[in-house]
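Reading through the structure tokens given below for one structure.
The values are calculated or read from the model by the stated rules, or taken from the named source; none is laboratory data. If you're wondering where the values come from, they're calculated on a predicted model, not measured in any experiment. With ideal geometry, Cβ positions are generated from the backbone for all residues, glycine too; neighbour counts draw on all protein chains shown. Ligands, DNA and RNA are stripped out before the accessible areas are found, and what is left, the full protein with its side chains, is counted by its heavy atoms. Shrake-Rupley method; radii C 1.70, N 1.55, O 1.52, S 1.80 Å.
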Amino acid sequence: MLLPVFISSRLARISQAMDDSFPKTLKEFGYAFNDQGQLRIIDPNSGLAGELPFEFEVDKNNHDYNQRRYEALGEIIDQHVYELLENRGKLKKLVLTKGDCSVSSNEIESFIFVSDDVFTNSDKLLVLVHGSGVVKAGQWARRLIINDNLDTGTQLPFIEMAKKKGYAVIVTNTNDNYRVIEKKKKMIQGSENPVNHLLSVWNQVIDKSPAKHIAFVAHSYGGVCILELASQVEKKFQDRVFALAMTDSVHSLVHHNTIAAGLQQFLCQIGRNWVSSGLPLDTPIGRPPNDIDRVSAGHTQHEMTSYCSMSSIFQFMEEKWQQKQQQQIE
């Protein structure tokens, strides 16, 4: 007699899952970020972020539901980070189109975030590239945003430091590749995949920027995308890019078939990869022959490599910029 009861219970959960309607805001979800940038359950007494952290397992008997709830919260986090890029980061949203990036069309389009001086700063430009997966513009790792804090999980500390050091800033959005329209996935022209997105950013924004000195910071698969971008705009890349900082990049110059020998040598000269390691920050790490130098990011977690190596990355970029200045004098 237990079998029909079990089946009935299982069907009830399936029916409920099909009717899931998740909240559309953090507050409706019952969460808020506190002053330390930590996601916390709202205290019903104060209406503010309390002490309890995010809880994944709200239904111990239904992992699928918990996962869908997590993904729904993640989409709200995406929007929250976009707002932070504009409000805290003082960036503006810029639509990528098939033509002039200042003119919107009727087609679905991707977008990025840029500083106000992206088309006027004639000195330095920093381009930030996240990894693969669910992360969108301004994020290094969704897991860190939800379970740790905004500083470790987002690119905001990099943006703020870059501005202090005189860089114009571009925040790319390489995983923004499609829209779901009438329950069907429709790819975005010019942003069908991360590399195409970067090419659109290069052609519509970077190439039009007056900045003489361009630096990239790329995390994980973002390193692979930068190598492909470099191979497709090789001459311009070598003329203008002075530093390439990678954080736990999964690239391999040796096996990247589109990289010409001259470009490979150039990338090794301007590049450094901060990899996950328990060794102190900047400790040299063994690397494959003819590849970019690797040093420790000072942390064993892949997602934490960007945040933990930030100070070293900016020091590295400053050294590369000084070298470039000296070369121009000579």
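What the table shows:
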quantity: Qualifying residue in the stretch 137-152 (condition: basic (Lys, Arg), assigned to a helix (DSSP H, G or I) and free of Cβ contacts under 8 Å to residues at least 24 places away in the same chain); calculated: no
quantity: Residue that is nearest to residue 319 (Cα to Cα), among those in the stretch 253-282 that are crowded, with 18+ Cβ neighbours inside 10 Å, among the small types (Gly, Ala, Ser) and in contact (Cβ under 8 Å) with a residue 24 or more places away in the chain; calculated: 271
quantity: Filter result for the condition that a residue is more than 30 Å from residue 52 (Cα to Cα), of a type in the set (Lys, Arg) and in contact with a Lys or Arg (Cβ under 7 Å, 6 or more places away or on another chain), over 186, 236, 163; calculated: 186
quantity: Selection within the stretch 36-62 - open to solvent by less than 70 Å² (accessible area, probe 1.4 Å), modelled with pLDDT of 80 or more, within 20 Å of residue 142 (Cβ to Cβ) and part of a loop (DSSP other than H, G, I, E, B); calculated: 37, 38, 54
quantity: In the stretch 187-200, residue farthest from residue 114 (Cα to Cα) [restricted to those that are of a type in the set (A, V, I, L, M, F, W, C) and assigned to a helix (DSSP H, G or I)]; calculated: 195
quantity: Residue pairs meeting the criteria (Cβ under 6 Å; at least 6 apart or on separate chains; first β-branched (Val, Ile, Thr), in the stretch 306-330; second open to solvent by less than 90 Å² (accessible area, probe 1.4 Å)); calculated: 313/245
quantity: Residue count, the stretch 153-183 (criterion: part of a strand (DSSP E or B) and small (Gly, Ala, Ser)); calculated: 1
quantity: Selected residue (only one of 191, 209 is touching a Leu at 6+ places or on another chain (Cβ under 8 Å), surrounded by fewer than 24 Cβ atoms within 10 Å (Cβ to Cβ) and among the hydroxyl-bearing types (Ser, Thr, Tyr)); calculated: 209
quantity: Subset of the stretch 283-320 that is within 24 Å of residue 163 (Cα to Cα) and touching a strand residue (DSSP E or B) at 6+ places or on another chain (Cβ under 6 Å) - its residue that is surrounded by the most Cβ atoms within 10 Å (Cβ to Cβ); calculated: 306
quantity: Residue list for the stretch 1-35, restricted to those being of a type in the set (Lys, Arg) and either open to solvent by less than 100 Å² (accessible area, probe 1.4 Å) or at pLDDT below 85 (or both); calculated: 10, 13
quantity: Top-ranked residue in the stretch 63-80 [being more than 20 Å from residue 176 (Cα to Cα) and in contact with an Asp or Glu (Cβ under 9 Å, 6 or more places away or on another chain); ranked as least open to solvent (accessible area, probe 1.4 Å)]; calculated: 66
quantity: Subset of the stretch 59-75 (residues that are closer than 15 Å to residue 147 by Cβ and among the hydrophobic types (A, V, I, L, M, F, W, C)); calculated: 73
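Residue-wise test of (1) modelled with pLDDT of 95 or more; (2) open to solvent by 70 Å² or more (accessible area, probe 1.4 Å); (3) more than 13 Å from residue 201 (Cα to Cα); (4) assigned to a strand (DSSP E or B).
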{"position": "82", "(1), (2), (3), (4)": "yes, no, yes, no"}
{"position": "107", "(1), (2), (3), (4)": "no, yes, yes, no"}
{"position": "127", "(1), (2), (3), (4)": "yes, no, no, yes"}
{"position": "133", "(1), (2), (3), (4)": "no, no, yes, no"}
{"position": "185", "(1), (2), (3), (4)": "no, yes, yes, yes"}
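Residue-by-condition table, conditions (1) at pLDDT below 95; (2) over 15 Å from the mean Cα position of the chain (by Cα); (3) crowded, with 24+ Cβ neighbours inside 10 Å:
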position	(1), (2), (3)
213	no, yes, no
218	no, no, yes
222	no, no, yes
236	no, yes, no
239	no, yes, no
242	no, yes, no
251	yes, yes, yes
